[in-house]
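Participant: One structure is given below, represented as structure tokens, and several questions about it will come after.
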Amino acid sequence: LGAEQGLVVTDVDPRGPAAEEGVSRGDVILEINKKPVKSIADVQSAINASGERPVLLLISRRGQTIYLTVKPG
């Protein structure tokens, strides 16, 4: 089993759309819109490509993997 790839969430705007959908510090973002993310640039480009459409996040949280949908703010 390989190590998990992704980005650890270190800060969430409490009034932003990610916080409203349940994204929290310590979550690991594995994918955005079914594409793996390994850097902040990957996250930005995936969000920009999504435009006004909701973004699908695959998150690892304390050993569980969940999907969250975040609508643009």
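Participant: When you go through (1) in a loop (DSSP other than H, G, I, E, B); (2) at pLDDT 90 or above one by one for LEU1, which number turns out not to apply?
Facilitator: (2)
Participant: Scanning for something open to solvent by less than 100 Å² (accessible area, probe 1.4 Å) and basic (Lys, Arg), does region 22-30 turn up at least one residue? Spell out the reasoning first.
Facilitator: Applying the first criterion (open to solvent by less than 100 Å² (accessible area, probe 1.4 Å)) to region 22-30 yields 22-24, 26-30.
With the extra rule that they be basic (Lys, Arg), the set shrinks to none.
Scanning region 22-30 turns up no residue that is open to solvent by less than 100 Å² (accessible area, probe 1.4 Å) and basic (Lys, Arg).
Participant: Name the pairs whose Cβ atoms lie under 7 Å apart, with the first residue in region 42-58 and at positive phi, the second open to solvent by 50 Å² or more (accessible area, probe 1.4 Å) and assigned to a strand (DSSP E or B), and 6 or more positions between them or separate chains?
Facilitator: none
Participant: Working only within region 31-44, note down all residues that are assigned to a loop (DSSP other than H, G, I, E, B) and open to solvent by 60 Å² or more (accessible area, probe 1.4 Å).
Facilitator: Step one: of region 31-44, the residues assigned to a loop (DSSP other than H, G, I, E, B) are 33-34, 37-39.
Listed by number, the residues that qualify are LYS34, LYS38.
Participant: For ILE47, state whether it is out of contact with any Cys (no Cβ under 8 Å at 6 or more places or on another chain), modelled with pLDDT under 90 and surrounded by 11 or more Cβ atoms within 10 Å (Cβ to Cβ). Steps first, answer last, please.
Facilitator: Details: out of contact with any Cys (no Cβ under 8 Å at 6 or more places or on another chain): yes; modelled with pLDDT under 90: yes; surrounded by 11 or more Cβ atoms within 10 Å (Cβ to Cβ): yes.
Spelling it out, ILE47 is indeed out of contact with any Cys (no Cβ under 8 Å at 6 or more places or on another chain), modelled with pLDDT under 90 and surrounded by 11 or more Cβ atoms within 10 Å (Cβ to Cβ).
The values are calculated or read from the model by the stated rules, or taken from the named source; none is laboratory data. A quick note: this is a predicted structure, and the numbers were derived from the prediction, not measured. Glycine also receives a Cβ, built like all others from the backbone with ideal geometry; neighbour counts cover every protein chain displayed. Surface areas here come from the heavy atoms of the whole protein model, side chains and all, with no ligands, DNA or RNA. Shrake-Rupley method; radii C 1.70, N 1.55, O 1.52, S 1.80 Å.
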